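Accompanying notes for the structure given below.
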Amino acid sequence: MLQQLASQFASQSCIFTFSSKPFANLEHLLQELNPAQRKAVETTDGPVIIIAGAGSGKTRVITYRTAYLIGVRQVAPPQILALTFTNRAANEMKERIRTLLGETATQGLWIGTFHSNFARLLRQHAPALGFSTNFSIYDTEDTQRLIKEIMGELGISLQMLSPQQVQARISAAKNRFVLPHEYLEKSTRFDFFERAHRSHLYALQRATSAQQRS
């Protein structure tokens, strides 16, 4: 599944056209980069690792490199994944690329934070995972509130088990790629609360999270 998702970027192909003006602007602006920055932008064959400190122009290099790939190397925007730490930086990069290459240049471009990009990817492929494309993403507070409600429905005392403990076990199971029914199959009556109930909570949490918003 992960390989299929990863191959999506390489499998998409589109034809994009730009006017000659953006090309001229791009070449002019590349001259404003220092030698190390320009080398990072123009080196597009094979993997490149760039080690840079604070204030060295990392975001600027990523922006220009993305614009260079699209405008000069004619790479289709949907084939480019650019990750940033903040939505503000991502929006600034998109605007800068539009300035360089035109309004349509960022259509289909995967540029954003880790969370926003992969939430977008999950929504595109949610049906393959058994989820609705309109699923909700719970934060820690939402998750613990849901677990607490389910524990009440199952008659599990908060004195015996805390929502935080249950959440930690659910997280551990997810990290090991253990599905709810698999968790149940491995449970014994001696660790009923430690495993079986956690599996039920995990399953209920998954089902509730996948419900479409009204």
Between 99, 133, 113, 106, which is surrounded by fewer than 17 Cβ atoms within 10 Å (Cβ to Cβ) and touching a Lys or Arg at 6+ places or on another chain (Cβ under 8 Å)? 133
Out of all the residues in the stretch 140-152, is one or more in contact with a strand residue (DSSP E or B) (Cβ under 9 Å, 6 or more places away or on another chain) and either assigned to a helix (DSSP H, G or I) or open to solvent by 60 Å² or more (accessible area, probe 1.4 Å) (or both)? no
Return the pairs, sorted by first residue and then second, in which the second residue is outside any helix (DSSP H, G or I), the first residue lies in the stretch 113-127 and is of a type in the set (D, E, K, R), the beta carbons are less than 6 Å apart, and the residues are 6+ apart or on different chains. 123/133
Subset of the stretch 23-79, residues of a type outside the set (Val, Ile, Thr), touching a strand residue (DSSP E or B) at 6+ places or on another chain (Cβ under 9 Å) and either open to solvent by 60 Å² or more (accessible area, probe 1.4 Å) or assigned to a loop (DSSP other than H, G, I, E, B) (or both), comes to 79
Could you grab me the full set of residues in the stretch 95-119 that are in contact with a helix residue (DSSP H, G or I) (Cβ under 7 Å, 6 or more places away or on another chain) and either of a type in the set (A, V, I, L, M, F, W, C) or part of a strand (DSSP E or B) (or both)? 97, 100, 101, 105, 109, 110, 111, 112, 113
Answer yes or no: is there a residue in the stretch 157-164 that is in a loop (DSSP other than H, G, I, E, B), under 16 Å from the mean Cα position of the chain (by Cα) and of a type in the set (A, V, I, L, M, F, W, C). no
If residue 187 meets every condition in (1) part of a helix (DSSP H, G or I); (2) more than 23 Å from the chain's Cα centre (by Cα); (3) modelled with pLDDT under 80 apart from one, which number is that one? (1)
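The values are calculated or read from the model by the stated rules, or taken from the named source; none is laboratory data. Quantities reported herein were computed from a predicted structural model and do not represent experimental measurements. When we count neighbours, we look across all protein chains shown, and the Cβ atoms used for this are built from the backbone with ideal geometry, even at glycine. Side chains are part of the model used for accessible areas, which takes the heavy atoms of the whole protein and leaves out ligands, DNA and RNA. Shrake-Rupley method; radii C 1.70, N 1.55, O 1.52, S 1.80 Å.
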